[in-house]
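Below is one structure, written out as structure tokens; comments come after it.
The values are calculated or read from the model by the stated rules, or taken from the named source; none is laboratory data. Since the structure is predicted, the reported quantities are computational estimates derived from the model, not experimental observations. In this analysis, Cβ positions are derived from the backbone assuming ideal geometry, glycine residues included, and neighbour counts consider all displayed protein chains.
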């Protein structure tokens, strides 16, 4: 039987410092990085996704960054297949591989496998899409909060596709969407060590606001304007762009758009923390505790040797 290798999954909220920490770790263990950030796949979405800089990308091999166009459909299921296939290759030359990202669903797909949901009648989805068009996202949020409060606090409530997906399962089965979430992890040919990065909430929010100011100065509004024609695509249904599209549609002024960008980014960080904290196997560290994280990874690798 082939010996098991180690996947180190580095998670945490936006702006906490996952990129810098993971590059440091990858260099220390002479390894490579898989991005599990569902927004960094897209080439055209440069500033609003806080991708690693060209310099950072040159410091360690990265995968799944700038691999798609916003016009291409790419599901979490396809990412799971692609990432597992890539890991099979990477583990032929590395004892440990790193995965970094704040997209909880994509991280879980690789670590645990995807949930098995029932087939849905397309008419139910169509009806929900019509409801969304007629009554807006707030109505979908209200429906989900009432019918599945457990999933409501985990999902990105600003993403209409995620809301509709949950509601169509509830509508079709009469059961909460959260009841279908995977209880037992899929059997993987590697071990997973989960590292969570966190910091004081006020400090994190300051970092988020500061990063947004830097993104705006670097041309975020101009980037969103170039992407405006694609605003209905799934890739663009995300914090960092939707707020500017509202401004471009004349719904509010630029000052309000900036306020919404910062507020919604902070709310997104809060939802990310809620998602990752539900997993008790995550080892939480401050971003400046890289030495302690390295020590834990070394211990885990030694432990794997005794198991193999």
Quiz item: Just to be sure, is residue 70 in contact with a strand residue (DSSP E or B) (Cβ under 8 Å, 6 or more places away or on another chain), within 20 Å of residue 240 (Cβ to Cβ) and at pLDDT 90 or above?
Solution: yes
Quiz item: Is the range 171-181 home to any residue that is within 30 Å of residue 292 (Cβ to Cβ), out of contact with any strand residue (DSSP E or B) (no Cβ under 9 Å at 6 or more places or on another chain) and not assigned by TED's automatic domain parsing to the domain that holds residue 96?
Solution: no
Quiz prompt | Criterion (out of contact with any strand residue (DSSP E or B) (no Cβ under 6 Å at 6 or more places or on another chain), surrounded by 22 or more Cβ atoms within 10 Å (Cβ to Cβ), touching a residue at least 40 places away in the same chain (Cβ under 8 Å) and within 24 Å of residue 279 (Cα to Cα)) met by exactly one of 9, 38 | solution = 38
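Those residues that are in a helix (DSSP H, G or I) and out of contact with any helix residue (DSSP H, G or I) (no Cβ under 6 Å at 6 or more places or on another chain), I need them from the range 235-249; list them, please.
Residues of the range 235-249 in a helix (DSSP H, G or I): 235-236, 242-248.
Answer for the range 235-249, where residues must be in a helix (DSSP H, G or I) and out of contact with any helix residue (DSSP H, G or I) (no Cβ under 6 Å at 6 or more places or on another chain): 235, 242, 245, 246.
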Quiz item: If only one of 76, 70, 97 is buried (at least 22 other Cβ atoms within 10 Å of the Cβ) and either farther than 26 Å from residue 115 by Cβ or touching a residue at least 24 places away in the same chain (Cβ under 8 Å) (or both), which one is it?
Solution: 97
Quiz item: Would you pick out the residues in the range 47-67 that are closer than 19 Å to residue 235 by Cα and touching a strand residue (DSSP E or B) at 6+ places or on another chain (Cβ under 6 Å)?
Solution: 63, 64, 65
Exercise. Residues being assigned to a loop (DSSP other than H, G, I, E, B), closer than 21 Å to residue 7 by Cα and under 14 Å from the mean Cα position of the chain (by Cα): count how many of those fall in the range 29-48.
Key: 5
Quiz item: Only one of 15, 26, 83 is out of contact with any strand residue (DSSP E or B) (no Cβ under 9 Å at 6 or more places or on another chain), in the same structural domain as residue 289 (by TED's automatic domain parsing) and not in a strand (DSSP E or B); which?
Solution: 15
Exercise. Taking the residues in the range 49-65 that are part of a loop (DSSP other than H, G, I, E, B) and surrounded by fewer than 17 Cβ atoms within 10 Å (Cβ to Cβ) as candidates, determine which candidate is modelled with the lowest pLDDT.
Key: 53
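Are any of the residues in the range 137-154 within 21 Å of residue 38 (Cβ to Cβ), surrounded by 13 or more Cβ atoms within 10 Å (Cβ to Cβ), in contact (Cβ under 8 Å) with a residue 40 or more places away in the chain and not assigned by TED's automatic domain parsing to the domain that holds residue 283?
There is at least one residue in the range 137-154 that is within 21 Å of residue 38 (Cβ to Cβ), surrounded by 13 or more Cβ atoms within 10 Å (Cβ to Cβ), in contact (Cβ under 8 Å) with a residue 40 or more places away in the chain and not assigned by TED's automatic domain parsing to the domain that holds residue 283.
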Quiz item: Just for the range 250-270: of the residues that are touching a helix residue (DSSP H, G or I) at 6+ places or on another chain (Cβ under 8 Å) and more than 13 Å from residue 158 (Cα to Cα), which one is surrounded by the fewest Cβ atoms within 10 Å (Cβ to Cβ)?
Solution: 253
